[in-house]
Amino acid sequence: MSTTAYTVGEVQGRDEPDRVFRRYVFNNPETCSCCFRRLKSDHRRVAWGGEGQDLEPKATRAESVRLHKTNLGEIGPEGPLRGIRQVDNTAIAKYPVRTVCNDCGAIAGRADTDPLSRRDALRRAETLADRLHELGEPVAVDKLKHAVGHLKSLEDFASLDTEVFEAATAVCVERARR
């Protein structure tokens with residue numbers, strides 16, 4: 001078995017059907033891995049972070065209160081601990097840029113670990129077909145939905161959503177290329 005190396009600018013052949021889903025849809029940072037919709041990427045930076053994003057979880061923080069002076073004079077910054085007090089942390093709080101899928105609400109477009117219902121998987125097969133069409137893979141939506149529905153109805157695959165979509169995509173891309 002030999003491996004062909006391609007030079008820069010040379011057009012490579014299309015990927016094998018079993019690689020299309022993971023490489024161009026599931027691992028694509030511009031696509032939500034949960035529902036396969038396009039993720040928006042137009043962030044505006046303001047003051048401490050991204051506009052319209054949530055505040056970091058800690059708006060206050062605990063600070064040590066130490067005894068600095070005694071009858072004997074200065075002890076220093078690491079003197080005996082008297083206790084702690086809550087200090088306002090909002091001045092240094094950050095608003096990190098977070099990408100949230102507008103359709104399913106997945107943070108950073110990452111797939112959920114909970115298995116989808118058959119109905120939800122069939123809905124997501126439609127958006128998966130849209131992503132595949134954008135790649136130039138003319139899969140038939142009804143065949144992709146049929147393959148996803150069939151695999152989700154099998155006991156061995158019912159809770160393996162990523163594998164279901166990957167296998168259904170491989171089969172449908174293979175058929176569409178014939």
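The values are calculated or read from the model by the stated rules, or taken from the named source; none is laboratory data. For clarity, every value in this text was computed on a predicted model and none was experimentally measured. Reconstructed Cβ throughout: ideal geometry from the backbone, glycine too, with neighbour counts over all protein chains shown. Protein only, heavy atoms only, side chains kept; ligands, DNA and RNA dropped before computing areas. Shrake-Rupley method; radii C 1.70, N 1.55, O 1.52, S 1.80 Å.
Brief remarks on what is shown
- Subset of the range 97-128 that is without any contact (Cβ under 8 Å) to a residue 40 or more places away in the chain and part of a loop (DSSP other than H, G, I, E, B) - its residue that is most open to solvent (accessible area, probe 1.4 Å): 113
- Count of the range 129-156 residues, restricted to those that are outside any helix (DSSP H, G or I) and open to solvent by 70 Å² or more (accessible area, probe 1.4 Å), is 4.
- Filtering the range 140-178 to residues that are among the aliphatic types (A, V, I, L, M) and modelled with pLDDT under 90 leaves 158, 176.
- Verdict on residue 168 being open to solvent by less than 70 Å² (accessible area, probe 1.4 Å), touching a residue at least 12 places away in the same chain (Cβ under 8 Å) and touching a Lys or Arg at 6+ places or on another chain (Cβ under 7 Å): no
- Residue 176 meets all of the listed conditions (1) among the small types (Gly, Ala, Ser); (2) out of contact with any helix residue (DSSP H, G or I) (no Cβ under 7 Å at 6 or more places or on another chain); (3) open to solvent by 40 Å² or more (accessible area, probe 1.4 Å) but one, namely (3).
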